[in-house]
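Chemist: After the structure tokens below, expect a handful of questions from me.
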Amino acid sequence: MTSPTSDHTGLIDLLRDELKTLKDEQRERIKLRDNLIYSAVLAIAAVAGGTRLAGPAVPLLLPPVTLALGWTYLVTDHQISAIGRYLRTDLAPRLAALLGTDVLRWETAHRTDRRRRQRKSIQLSVDLLVFVVPAAVALAWYWTSHPTGALIGVSALEAVAVLAAAWQHIAYADITHH
């Protein structure tokens, strides 16, 4: 390992600060992402309980709630991954060039284990079960309760949104990439 010259010390400090800031942001986004799952579970329970008390149209509240939470989850997860990708492909090589040794190896190492594809597939299943399937079940429940009126049109729009959400979760799953 070569020691950085004094010419590079300021740049190394700047890049170290960038790394710290990005890891802090990544950590906060992970907390937010995980809390969105709990929020979705609570929304599902509230709508299921409310349907018994308030009537058959209540399930139509669930698709917009779970889809909004699911989209926020997806965008947050994408940003977490984008930070990791930036660390692996941009910041790490710059730091390595300045320091003369590999750095941030964990950012790559944890993506190369042989069970990553399995984990990503299971995570996709969980995401669909939390954010998409409850919305689809709520719509099916509504449609089997003999709906009438304008809410049928609303439920059709929600069904399109549920299909779009499923497609987005699948598209963002990152199952095949290492």
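Chemist: Would you mind telling me which numbered condition in (1) modelled with pLDDT of 95 or more; (2) closer than 30 Å to residue 144 by Cα residue 55 fails?
Modeler: Residue 55 satisfies all of (1) modelled with pLDDT of 95 or more; (2) closer than 30 Å to residue 144 by Cα except (1).
Chemist: Something else about it: Given (1) modelled with pLDDT under 95; (2) among the charged types (D, E, K, R); (3) under 19 Å from residue 34 (Cα atoms), identify the lone condition not met by residue 127.
Modeler: Just one mismatch for residue 127, condition (1).
Chemist: Based on what the data block shows, is residue 73 in contact with a helix residue (DSSP H, G or I) (Cβ under 6 Å, 6 or more places away or on another chain), buried (at least 17 other Cβ atoms within 10 Å of the Cβ) and modelled with pLDDT of 95 or more? First the steps, then the outcome.
Modeler: Working: in contact with a helix residue (DSSP H, G or I) (Cβ under 6 Å, 6 or more places away or on another chain): yes; buried (at least 17 other Cβ atoms within 10 Å of the Cβ): yes; modelled with pLDDT of 95 or more: yes.
Here the answer is yes, as residue 73 does meet what is asked.
Chemist: Next question, about the same structure. Would you please name the residue that is surrounded by the most Cβ atoms within 10 Å (Cβ to Cβ), looking only at residues in the stretch 94-135 that are more than 30 Å from residue 68 (Cβ to Cβ) and touching a His at 6+ places or on another chain (Cβ under 8 Å)?
Modeler: By that ranking, first place goes to 98.
Chemist: Could you list, in sequence order, the residues of the stretch 144-166 that are part of a loop (DSSP other than H, G, I, E, B) and of a type in the set (Ser, Thr, Tyr)? Please lay out each step first, then the result.
Modeler: Here is the first cut: in the stretch 144-166, the residues part of a loop (DSSP other than H, G, I, E, B) are 144-150.
Those that are part of a loop (DSSP other than H, G, I, E, B) and of a type in the set (Ser, Thr, Tyr): 144, 145, 148.
Chemist: Is it fair to say residue 33 is among the basic types (Lys, Arg), part of a helix (DSSP H, G or I), over 17 Å from residue 166 (Cβ atoms) and in contact with a helix residue (DSSP H, G or I) (Cβ under 6 Å, 6 or more places away or on another chain)? Reasoning before the result, please.
Modeler: Numbers: among the basic types (Lys, Arg): yes; part of a helix (DSSP H, G or I): yes; over 17 Å from residue 166 (Cβ atoms): yes; in contact with a helix residue (DSSP H, G or I) (Cβ under 6 Å, 6 or more places away or on another chain): yes.
For residue 33, the condition - among the basic types (Lys, Arg), part of a helix (DSSP H, G or I), over 17 Å from residue 166 (Cβ atoms) and in contact with a helix residue (DSSP H, G or I) (Cβ under 6 Å, 6 or more places away or on another chain) - is met.
Chemist: Would you pick out the residues in the stretch 107-143 that are more than 21 Å from residue 43 (Cβ to Cβ) and either in contact with a strand residue (DSSP E or B) (Cβ under 8 Å, 6 or more places away or on another chain) or outside any helix (DSSP H, G or I) (or both)? Before you say what the answer is, go through the steps one by one.
Modeler: The first filter runs over the stretch 107-143 and keeps only residues more than 21 Å from residue 43 (Cβ to Cβ), leaving 107-122.
110, 111, 112, 113, 114, 115, listed by residue number.
Chemist: Name the residue, out of 67, 91, 61, 87, that is modelled with pLDDT of 95 or more, within 30 Å of residue 42 (Cα to Cα), in contact with a helix residue (DSSP H, G or I) (Cβ under 9 Å, 6 or more places away or on another chain) and crowded, with 16+ Cβ neighbours inside 10 Å.
Modeler: Values: 91 fails: within 30 Å of residue 42 (Cα to Cα); 61 fails: modelled with pLDDT of 95 or more; 87 fails: within 30 Å of residue 42 (Cα to Cα).
Of the residues listed, the single one that is modelled with pLDDT of 95 or more, within 30 Å of residue 42 (Cα to Cα), in contact with a helix residue (DSSP H, G or I) (Cβ under 9 Å, 6 or more places away or on another chain) and crowded, with 16+ Cβ neighbours inside 10 Å is 67.
The values are calculated or read from the model by the stated rules, or taken from the named source; none is laboratory data. Note that the coordinates shown come from a computational prediction; the quantities given were computed from them, not determined experimentally. Quick reminder, even Gly has a Cβ in these numbers, built from the backbone with ideal geometry, and neighbours come from all protein chains shown.
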